[in-house]
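Single-structure report; data block below.
The values are calculated or read from the model by the stated rules, or taken from the named source; none is laboratory data. For clarity, every value in this text was computed on a predicted model and none was experimentally measured. Methodologically, a virtual Cβ is constructed for each residue, glycine included, from the backbone with ideal geometry; neighbour enumeration extends over all protein chains shown. The protein model used for the area step is the full one, side chains on, heavy atoms only, and it has no ligands, DNA or RNA in it. Shrake-Rupley method; radii C 1.70, N 1.55, O 1.52, S 1.80 Å.
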Amino acid sequence: FRRVVHFFLLTLLFLNFAYGEALSFGTGSDGETTYQIDILYDFQDDVAGFQFDINGGSVVGVSGGAADAADFSIDFGSTTVLGFSFSANVIAAGSGTLLTVTYTPDENETGITLSDGTIVAPGGDILTADISDSFTHPADCNGDLYGSALADMCGTCDSDSSNDCTQDCAGVWGGSSV
């Protein structure tokens, strides 16, 4: 008997648009910048356990969400997150934040991808899961993730607006007409 549940694993980056704050990030114990991302779910049935992979970054922590509220034991490796309950608790059918993943992006990667997951129903039935989503980190014109550099009208890329080029009297950006 194979039960099917659609497991839409979506990502929502920690941004506060209402206040215009930048990405929520911190610094790990080794001084490396870390980022946090909410893993959202939409379960058709109760769930007793889950596992999924994250590619393009190294997981350095997991916390919160419905998994924490259900008292799940959460474990992680650099690319895999695993959650289940030793006391037979479940995450009820519905939708919300599964958990928050703290990670560091891999060098030269501009995004992360969620994939290769397994969902377990109460009683141990393996549910078919549709786990596939990706998030691309925004980069500035220098290629710095979450950087603040902007290209001016003459193509100079930096974060110093005092050296931006101007239009001359002929309407040419960076021109010399007076």
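For the reader, a short list of remarks on this structure follows.
- Positive minus negative residues near ALA93 (Lys, Arg vs Asp, Glu; Cβ under 11 Å): -3
- Check: region 66-134 dipole with +1 on Lys, Arg Cβ and -1 on Asp, Glu Cβ, in debye: 240
- Loop-located chymotrypsin sites (Phe, Trp or Tyr not before Pro) in region 64-149, at most 14 other Cβ atoms within 10 Å (DSSP): PHE86, TYR146
- A full extension of the chain between CYS154 and ASP133 corresponds to an added length of 3.9 nm, given 0.36 nm per residue minus the alpha carbon distance.
- Ordering GLY111, GLY56, SER95 by Cα displacement along the dipole of region 23-123 toward the positive end leaves SER95 in first place; charges were set at the Cβ atoms of Lys, Arg (+1) and Asp, Glu (-1).
- Where CYS141, CYS157, CYS169 fall by accessible area, highest first, once all protein chains stay in place (1.4 Å): CYS169, CYS141, CYS157
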